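Notes follow once the structure below has been shown.
The values are calculated or read from the model by the stated rules, or taken from the named source; none is laboratory data. Note that the structure is predicted; figures quoted are calculated from it, not measured. Neighbour counts run over all protein chains shown; Cβ positions are idealised from the backbone, glycine included. Just the protein is used for accessible areas: all its heavy atoms, side chains included, with ligands, DNA and RNA removed. Shrake-Rupley method; radii C 1.70, N 1.55, O 1.52, S 1.80 Å.
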Amino acid sequence: MDIRIAAYGVIIRDDAILLSHWNEHGRSAWTLPGGGIELPEHPYDAAIREIQEETGYDAEIERLLGIDTMVVPAARRHHGSASLYAMRVVYRARVTGGELRNEVGGSSDEARWFPLDEVRNLTRVSLLDIALRMNDEQPAAGILPKR
């Protein structure tokens, strides 16, 4: 089994959320700005770096919201022959500087602010819904109760 650890930021300002458009391997959807850590990077630092790379904004982490895990069966992966265990560390963050811009040469191709009430109408990855629940419920242990 392969393992991937990634870090993401929930950035909400004036009832709008900053999202990144993931576009890779013929699939695309809106997601949180973030991505894989680069060893020996800490997830905290990875989230700040990824937010800057994908959106152009400098960010500050406010707090850890939680950690989500999932297993992607080998048959659903676009590369690799083994199942993937994904650990997704989710932080609440805020913009401290920079200017909105799209990533060039990465797995995302657009960054944009969306009103929170429009998110449910977007084509989005499951992590976005999970992270918004974490932000709303703020589970003490950082783990959402099963629904």
> For the subset of the range 118-144 comprising residues that are open to solvent by less than 90 Å² (accessible area, probe 1.4 Å) and part of a loop (DSSP other than H, G, I, E, B), which member is modelled with the highest pLDDT?
Replying inline: Leu122
>> Quick check on my filter: what residues within the range 43-65 are on the phi > 0 side of the Ramachandran plot and either of a type in the set (Asp, Glu) or touching a residue at least 60 places away in the same chain (Cβ under 8 Å) (or both)?
In response: none
>> I need a count of the residues in the range 37-54 that are within 23 Å of Arg133 (Cα to Cα), touching an Asp or Glu at 6+ places or on another chain (Cβ under 8 Å) and not hydrophobic (A, V, I, L, M, F, W, C).
In response: 1
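If I go through the range 23-39 residue by residue, how many of them are small (Gly, Ala, Ser), over 16 Å from Arg49 (Cα atoms) and surrounded by 15 or more Cβ atoms within 10 Å (Cβ to Cβ)? Walk me through how you get there before you give the answer.
The initial filter retains those residues of the range 23-39 that are small (Gly, Ala, Ser), namely 26, 28-29, 34-36.
Then drop every residue that is not over 16 Å from Arg49 (Cα atoms), which leaves 26, 28-29.
Keeping just the survivors that are surrounded by 15 or more Cβ atoms within 10 Å (Cβ to Cβ) gives 28-29.
Count: 2.
Please go through the range 88-97 and pick out each residue that is open to solvent by 50 Å² or more (accessible area, probe 1.4 Å) and under 11 Å from the mean Cα position of the chain (by Cα).
The first filter runs over the range 88-97 and keeps only residues open to solvent by 50 Å² or more (accessible area, probe 1.4 Å), leaving 92, 94, 96.
Arg92, the sole residue that qualifies.
Looking at the range 1-11, which of its residues are among the hydrophobic types (A, V, I, L, M, F, W, C) and crowded, with 16+ Cβ neighbours inside 10 Å?
Once the filter is applied, which keeps residues that are among the hydrophobic types (A, V, I, L, M, F, W, C) and crowded, with 16+ Cβ neighbours inside 10 Å, the range 1-11 yields Ile5, Ala6, Ala7, Val10, Ile11.
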> Pick from the range 44-68 the residues that are under 13 Å from the mean Cα position of the chain (by Cα) and hydroxyl-bearing (Ser, Thr, Tyr): which of them is surrounded by the fewest Cβ atoms within 10 Å (Cβ to Cβ)?
Replying inline: Tyr44
> Taking the range 57-82, which residues are among the polar types (S, T, N, Q) and in contact with a strand residue (DSSP E or B) (Cβ under 6 Å, 6 or more places away or on another chain)?
Replying inline: Thr69
> Which of the following residues is within 16 Å of the chain's Cα centre (by Cα) and over 15 Å from Ile67 (Cα atoms): Leu128, Leu122, Leu132, Leu100?
Replying inline: Leu122
>> Taking the condition of being hydroxyl-bearing (Ser, Thr, Tyr) and modelled with pLDDT under 95, how many residues in the range 88-116 meet it?
In response: 2
